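Some notes on the structure that comes next.
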Amino acid sequence: MKRILFLTAMILLYSCAERPAATYMIHPHEELPEDISADRSFTKVFLAGTIDMGNSIDWQKELHSILSSTDGRFILFNPRQEHWDADRPGEMDYQVRWELEHLEEADIIIMNILGNSKSPISLLEMGLHAHSSKMYVICEPDFYRYDNVRITCDFYGVPLFTSMDSFLKEFMQNL
């Protein structure tokens, strides 16, 4: 509950009434205009979780659409690449470093682990940032390591939701 209050405070702090609502999404190899990236009125959100090499549902796109319909000001860091090519020289190093840098830069990390995935990188990122007070985890109960996620979230006080709908219900009430 404490983290939900923190989330609300962060959103209110960064979503100033004098500034119009706006939501931007940035992927690897993309840049925001300088005036947007330097604007501290935006809440920076990293969209961690299941991608499965592009084979999972594009929940990041759905979340972008939902947040775009609010009065908030968000910059969404989305690690999903439309044309991922692991064979391109240097691409793996670039991707991993991009994710690590933007996880650190984010004000909020929303991690969505789908039940039918393996999501090993998501588990790694959860371990790295569980103590950060900026993580919110959505993990479907049929995920093969759900109990590990549940216990870790409980241990570190990370809010855990069993569906995107339950997360959004709480999140949207606090906007």
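The values are calculated or read from the model by the stated rules, or taken from the named source; none is laboratory data. Since we're looking at a predicted model, the values are computed, not measured. Every residue, glycine among them, receives a Cβ derived from its backbone with ideal geometry; neighbour counts consider all protein chains shown. For the accessible areas, the whole protein counts, side chains as well, though only heavy atoms, and no ligand, DNA or RNA atoms are used. Shrake-Rupley method; radii C 1.70, N 1.55, O 1.52, S 1.80 Å.
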Among the residues of the range 132-150, how many are open to solvent by 10 Å² or more (accessible area, probe 1.4 Å), aromatic (F, W, Y) and not in a helix (DSSP H, G or I)?
-> 1
Of all the residues that make up the range 96-105, how many are closer than 14 Å to Q60 by Cβ and either open to solvent by 80 Å² or more (accessible area, probe 1.4 Å) or at pLDDT below 95 (or both)?
-> 0
Enumerated helices (runs of 4 or more DSSP H) restricted to the range 34-118, each holding at least 1 residues that are small (G, A, S) | 34-37, 59-68
Would you tally the residues in the range 136-149 being without any contact (Cβ under 8 Å) to a residue 24 or more places away in the chain and under 18 Å from the mean Cα position of the chain (by Cα)?
-> 0
Is one or more of the residues making up the range 10-23 modelled with pLDDT of 95 or more, out of contact with any Lys or Arg (no Cβ under 6 Å at 6 or more places or on another chain) and not small (G, A, S)?
-> yes
Would you be able to say whether some residue in the range 83-95 is surrounded by fewer than 21 Cβ atoms within 10 Å (Cβ to Cβ), without any contact (Cβ under 8 Å) to a residue 60 or more places away in the chain and under 27 Å from Q173 (Cβ atoms)?
-> no
Among the residues of the range 151-161, is there at least one that is within 20 Å of K61 (Cβ to Cβ), open to solvent by 20 Å² or more (accessible area, probe 1.4 Å) and in a helix (DSSP H, G or I)?
-> no
Taking the options I57, I75, name whichever one is of a type in the set (A, V, I, L, M, F, W, C) and modelled with pLDDT of 95 or more.
-> I75
Within the range 106-131, can you find the residues that are among the small types (G, A, S), at negative phi and surrounded by 14 or more Cβ atoms within 10 Å (Cβ to Cβ)?
-> A106, G115, S117, S122, A130
